[in-house]
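My structure is below; once you've seen it, I'll send some questions.
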Amino acid sequence: MLEQTQKLLLDPKLISEMDGPNGLHCALQRAIELEHATLPTYLYSYYSLGTSNPAIQRLMLSIILEEMLHFALACNILNAIGGSPAIDKPDFIPRFPGKLPGGVESGLTVHLKRFSLDHVFDTFMVIEAPDEPLSFPLLAVADRPVTIADFYTKIAKEIEAAGPSIFTGSPTRQVTGGFPALEIFPVTGVESALRAITLIKEQGEGTTTSPLDEQGQFAHYYRFAEIWHGYRLRPVLDPPPGTPDDQKYRYDGAPIPFDAAGVSPAVSNPNSKLYCATSQARYLNNSFNYTYTSLLKALHLTFNGQPSRLNSAIAVMHSLRELALEMMRIPVDAHHTAGPSFEYQPVNP
Amino acid sequence: MSYLNPPRLHFAGKFQAAVSTVNNDPTHYNNATFIPAYQERQTAAAPNGWWNPRGDANWRMIGCAITSAVLPDGSYAAPSDPVMQSLIADSDLTVAAKLVDLDPEQQLVSEIWGLEVRIADPAGNTLMRAQYDAAPFMNIWDRWPLGSGDGMAGAQYQSVLNGIEWADVSGSPFLTALKEAASDGVLSIKFNVDGYDTNFNSPTFTLGRVVGTIGPAQASEPRFYTAGRQFMPKGLPSGHFFAPDGQINFCTAVVDTTAAKIMLYLGNSLPVSSMGGAAVDIGGLSLACAVTDANGQTTYVPLGSIEYESAGWYAQTAGVVTLPPDRRLTEQELSSIASNPLVILKSVGGFDTIAIAESAGGVYVRADKYVFRLNPGETATLQLKATAFGQPYNDAEIRLYLDPSQLQGGGPAPPAGTPASGLTFPGKVFTDSTGSAQVNVLAAAPGNPRTYIDGQVYGIRPVLLETLPGASYNFNPWEYVSFLVWDNFQADPPVWYGCLQPVFQQYANLYPLMQRFLDLSSYDSICMNLVPLRIAFGLNESDPNLMPVTRDLSADKRKAILAWLTKVDPSGKPLLGTPPVAETESAAGQAAAKSSSLDAQKGGKFAAVKRRQVNQRSR
C-alpha cells in the first residue's frame, strides 16, 4: 500500500542554535508556533466535512485536540523554565498557501483546503510523517535536515543537560485541566518536561516500534492514514515470532466511509479581500478573524499568568466552528462556498 | 450625571443580533407537537422556524467608529486627540455577547448579556475595558414609519459599564477626562438600534445600525434610565410598534444648572426616511418652555433650535442636542424651566405646533431595573423614583397593578399573566423625601399554567396616582416591569427519562444550532460531553458562555441538571432512569396551530408586538 514518503523537515539551525544563549527559550517558542501552525489547515478541512462524515470527523477532532494539547504543553515547558510564550502577534499565524513557521524547510506548501483524501495524503500525512516511519527505510543522508522529532529530541537533551536549575518559572503560570482528551498537566521540572516532550512526539508519530503512543492511541500519522486508506488500522492476530514491526498492523479494520458529496465545496486559501465588502461572507469572515484573533489573545493571557482563562478560551475556539460552518453554507461562485481566512484581525471592521 | 453630560463620546456603526427564531413562536415550546420543519427557514408558504432558525443569539458591535467627543467644558475634542481615531468594540477575549428574550411570551425586553465594551485604538489595543450591566431595550417604535417588519423599528438600550479597566490614556485629553469622571467606577452608556435586517438573502442579514454615547455616571443614580425631564407623546392607533402623534418618540432632557444648558436626547426619537437612514425632515424643531401665567395664557420661551437635518448629524451627535447652542440659559429661563413643562415645537409652513411635551406638572415615575427572573419564594425589589420637572417628587402616591396587556400570550399559545397569585406586591406606595420608593415583589410558583413553557410571565405597571389610565396624561406602554416566575421542579435523584429528557429535548428543538456541537436530545451525546456541559451549566449568569443562552432555566432545574451531570453511575454516566411507556399517538403528526405566517415573515419583534394581549382584545 502506498504510504507517505515525504516528511516535514526543519532548518538544522533550529538545533544548532539551541546551544546558544536563550537557545532553549527560542526553541520552545518555535515549537509553540509550529504546534499552532497546523491547526488552521486541519480545522479548515474539519469544518468542511459536513454531517455525513462522522467517522472522519471524530478522527480529525481527536488529532486537533491533541495538537492543542501539544501547544499547551510546549507553553507549559517554556513557562516552567522562566520564559513567556508570545502568542498574540500577527506573524504567529502562517500565511496560506505557504510554509509552516518555525524554520520549516521542506518543500511542503500548506493550504487552507476543504477536506479531500488527497489533501490528507499530500499535506496532513506529510506534516505528521514519523521520523522513522514503520515500513520505510530511513533517510540515511549525512547532514540531513532535521525532523520535528529530532527537534524535540534535542530540546529534551538540552533540558536533561541543564537539569533542575533552569526550572525557575512560577508554578502559578502552569496551565492545567481542559476538557477530556485535552488533559494538560503542569511542567515543574525535568521529569514532567521530558514526559511532555515524549507525549508530543508519540502522539504525533507513534514510537519507533509501534503506531501506538503510550496511551494506546494510534499516532496522528496513522490516524490520517486510516482516513486515507478508508479502514481502521488493527493489529494482526497472533503474528508469528520475528514478524517485522511493520507487518504487525493492517488497515483492514472497520471501514471509514468517506462521502465526498457531503463536503462543503469551500474555496481554497481564502483571504478577506476575496469576499465582497458588503456581503454575508465578508461580515462572517470578519467576525471569524476577530474571534480567531481573540482566541490568540485569550490564549496569550492564559499562558502568561492567567491560567483560569482556559475554559473561556476553549469556548472562543468552539465559537469559531459555528462561524466557519455558517460561512461554508454561503456560495461565492458557481462551484464554491466561502470559508474562513484565518487572518490576524484585532478589530471587527 | 449620565451619558448626556460631558465628557461624553459618540459612536456609530453596526450591530449584529444573530438571534435564533425557532423560539419566537411560543407553540414551538411544545415538544409533543414539534416537527422538524420548525427548524427550517420560513418559505413563502410556511413560517417554519421563521427567518433565522440557526441563530446563535450572538450580539456583536461591528465597525463602531467614535464620531465625536465632548470635553467637560462642552467643547469638542480636537481631531488630533487619539480618541477621535479610536473605536468602540466588544470583547477581544471571550465569545460574543448574547441577546436574550425574557420569554417567548415577552419578547419585547430583550437583554444583552455578557457584553464587554471597549474603547480601542485603531490597531485594536484596549484603552478602556468594561462590562455592560445586562439590560433590555426600551421604547421600541415605528422609527421608519413607511417601512415594515423589524426593519421599521427603532429602540434604545441604556445601562452602566462596571469593572472599568483603563490602559494608559494620558495621551488623550478626552479619555483622561472620562477616566476622571468615572471616579465612582461606573460609566453611563446609551445606544439606539434600528434598521435591523431580517432578510436572509440580504448582505446585511442580522445586522442593523447602532449609534450611541458613553458618558459619566454616579453609582447613586438610576442605571437604566436618566432621571430628568421626560417628554411623553400619545400613541396613534395606526402604529405597529408605537407611532407618536407628533412624530417624535419618548425622549429625555436634563438641565445642567451649572453650565446653564439643557441636554436633550433625541437619539431614538426622530423618524427616518429609509431603513437605518437619515432623519426625515419633519419641519423646523425647537425647544421651548411653556410658561402659563395666572390668566391661563401660555407663552413659549424659546430655548434654541434643533439642527437635526444636517448630513451626518445623527452619527456625529447620537441625538444629543445641547441648548441653547450659542449661549447660557439666563437665570430667568432657568427659573421658568424649573417649574414649567418643556416642549418641542414643530414649525411647518410657518405654523408652530407642539410635537411633544412633558406631562402637566412634569410628573413621572419609573422603575430602574425592569426585567426580573424569579424562582418561587424569591423577592425582587423595584427601585421606583418619582420626579416632577426632573426633581424628586416627594410623598407621591404610586399605584402598582398587574398589567398583562403588553405580554404576548394567548391565541394558539398559552395565556400569559395568569394566575395573579404568581406575584404578591403592594397596590400602592408613597415616595420618600428623595422621591424614591422600594417595592418588594414576592414570587410564588404559578402552578404550571402554560403546561409546556416553564412558569409564567407577568407585567407590573407602576403609575403615579394622578396619571392613572383614564386621566388626561400620555402614557408610555413600555414603562412597566416584566417578570418571569418559574415553577418548582423536584427530582430526587434527577434522571433522564421522564425528568430531564423533556427539558433537554425542548432546547434541542428550539436551538438547532446546538446540533453542531452535540445533540441535546440524545442521552449518549450528552454522556460524551459531560465535562463541557458541567462547565457551561455552572457558569455565572453574566458569562456569555452560560448554558442555556436563554437564561430561562429555573434554579431548581439548573440544580437538577448539574446534579445529574455530576453524580454519575459507576460507569461514569448520568442516571438514565426508566423509559416511559411508549405513547400511542405519534406526536410528529400533529403540528400545533401557529402564529400568523405573515407576521412571522416580517420579523420577530414585529410578530411579537402584534401578538400582545392588548391587540388581541381590540380585535
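The values are calculated or read from the model by the stated rules, or taken from the named source; none is laboratory data. Remember, predicted model here, so these are calculated numbers, not experimental data. Cβ: placed from backbone, ideal geometry, glycine included. Neighbour counts: every protein chain shown. SASA here: full protein model, heavy atoms, side chains in, ligands and nucleic acids out. Shrake-Rupley method; radii C 1.70, N 1.55, O 1.52, S 1.80 Å.
Just to be sure I understand the model, the point goes 7 Å from the Cα along the line to the Cβ. What's the resulting A:D333 to B:E331 distance in nm?
Distance between label points: 7.7 nm.
While we're looking at this one, here's another question. If you average 1/r over every pair of different alpha-carbon atoms in the stretch B:496-577 and take one over that average, what Kirkwood value in Å do you get?
Radius from the Kirkwood sum: 12.9 Å.
Further, regarding this structure: Could you grab the relative contact order for chain B? Cα pairs under 8 Å, six or more apart, rounded to a whole percent. Don't jump to the answer; show the numbers that get you there.
Values: 1519 pairs, mean separation 96.9, N = 619.
That works out to 16 percent.
Please list the radius of gyration and Dmax for chain B, considering alpha-carbon atoms only, with Å as the unit.
Looking at chain B, its Cα Rg and Dmax stand at 25.0, 88 Å.
Right, another one. What residues from the stretch B:449-493 fall in the zone where the backbone N is under 18 Å from a label point 7 Å along the Cα-to-C-beta line of B:R399?
B:459-481
Kirkwood Rh over alpha-carbon pairs of the stretch B:362-485, then Stokes-Einstein at 10 °C and 1.306 mPa s: what D in µm² s⁻¹, rounded to an integer?
D, rounded to a whole number, is 106 µm²/s.
Using a 1.4 angstrom probe and counting only protein chains, how large is the accessible area of B:W144 in Å², to 10?
60 Å²
Let me ask something else. Please tell me which of these pairs span more than 25 angstrom C-alpha to C-alpha: B:K385/B:K610; A:K113/B:K14; B:K14/B:K98; A:K13/A:K248; B:K98/B:K602; B:K190/B:K369?
Numbers: B:K385/B:K610 31 Å; A:K113/B:K14 31 Å; B:K14/B:K98 16 Å; A:K13/A:K248 37 Å; B:K98/B:K602 22 Å; B:K190/B:K369 15 Å.
Pairs exceeding the cut-off: B:K385/B:K610; A:K113/B:K14; A:K13/A:K248.
Something else now. Which values, in whole Å and largest first, are the semi-axes of the equivalent ellipsoid of the stretch B:12-106 obtained as the square root of 5 times each eigenvalue of the Cα gyration tensor?
Rounded to whole Å, the semi-axes are 42, 13, 12.
I've got another one for you. Buried accessible area for the B:A pair, summed, 1.4 Å probe, in Å² rounded to 100?
2600 Å²
What is the ratio of the Cα radius of gyration of the stretch B:115-260 to 2.2 N^0.38 Å, where N is its residue count, to two decimals?
1.22
When the solvent-accessible surface of protein heavy atoms is calculated with a 1.4 angstrom probe, in what order do A:V146, A:V236 fall, highest first?
The most accessible residue leads, giving A:V236, A:V146.
Using the Cα atoms of the stretch A:302-349, I'd like the radius of gyration and the largest Cα-Cα distance, Dmax, both in angstrom.
Radius of gyration, then largest Cα-Cα span, for the stretch A:302-349: 14.8, 48 Å.
So, one more: Enter the per residue convex hull volume of the stretch B:162-206, computed from alpha-carbon coordinates, in Å³ rounded to the nearest integer.
So the per-residue Cα hull volume is 141 Å³.
Accessible area per residue, 1.4 Å probe, Å², for the protein assembly as shown: what's the number?
38 Å²
Send over the per residue convex hull volume for the stretch A:264-312, Cα only, as a whole number of Å³.
107 Å³
222 nm [θ] for the protein assembly as shown, helices only, -39500 (n - 2.57) per DSSP H run of 4+, per residue, to 500?
Calculated at 222 nm, the ellipticity per residue is -7000 deg cm²/dmol.
Sticking with this one: Tell me the relative contact order for chain A as a rounded percent, counting alpha carbon contacts under 8 Å between residues six or more apart.
Rounded, it is 22 percent for chain A.
Which whole-number percentage describes the relative contact order of the stretch B:362-485, with Cα contacts under 8 Å and a sequence gap of 6 or more?
35 percent
Further, regarding this structure: Where does the Debye-calculated log10 I(q)/I(0) of the protein assembly as shown sit at q = 0.09, 0.10 Å⁻¹, using only Cα point scatterers of equal weight, no solvent?
Here log10 of I(q) over I(0) equals -1.03, -1.21.
If you don't mind, another one. Radius of gyration and Dmax for the stretch B:60-169's Cα atoms, expressed in Å?
Rg and Dmax of the stretch B:60-169, Cα atoms, are 16.5, 50 Å.
For B:D352 and B:S148, FRET efficiency with R0 = 45 Å and r from the beta-carbon atoms, rounded to 0.05?
Working: r = 32 Å, r/R0 = 0.71.
Here the calculated transfer efficiency is 0.90.
Within chain A, which DSSP H helices have Cα atoms that stretch 24 Å or more along the helix axis and a mean Kyte-Doolittle hydropathy of at least 0.5?
A:54-80, A:310-327
Follow-up. Which lysines have a Cα less than 28 Å from the Cα of B:K567, not counting those fewer than 8 places away in the same chain?
In chain and number order, the partners are B:K557, B:K559.
What ranking of B:M275, B:M128 comes out by heavy-atom accessible area, probe 1.4 Å, highest first?
Largest to smallest exposure gives the sequence B:M275, B:M128.
Please state, as a whole number in µm²/s, the translational diffusion coefficient that the Stokes-Einstein equation yields for chain A at 37 °C and 0.692 mPa s, with Rh defined as the Kirkwood radius across alpha carbon pairs.
The diffusion coefficient I find is 157 µm²/s.
Test of understanding: extend the Cα→C-beta vector of B:N125 to 7 Å, then name every residue of the stretch A:280-306 with backbone N under 18 Å from that spot.
A:294, A:297-298, A:300-301
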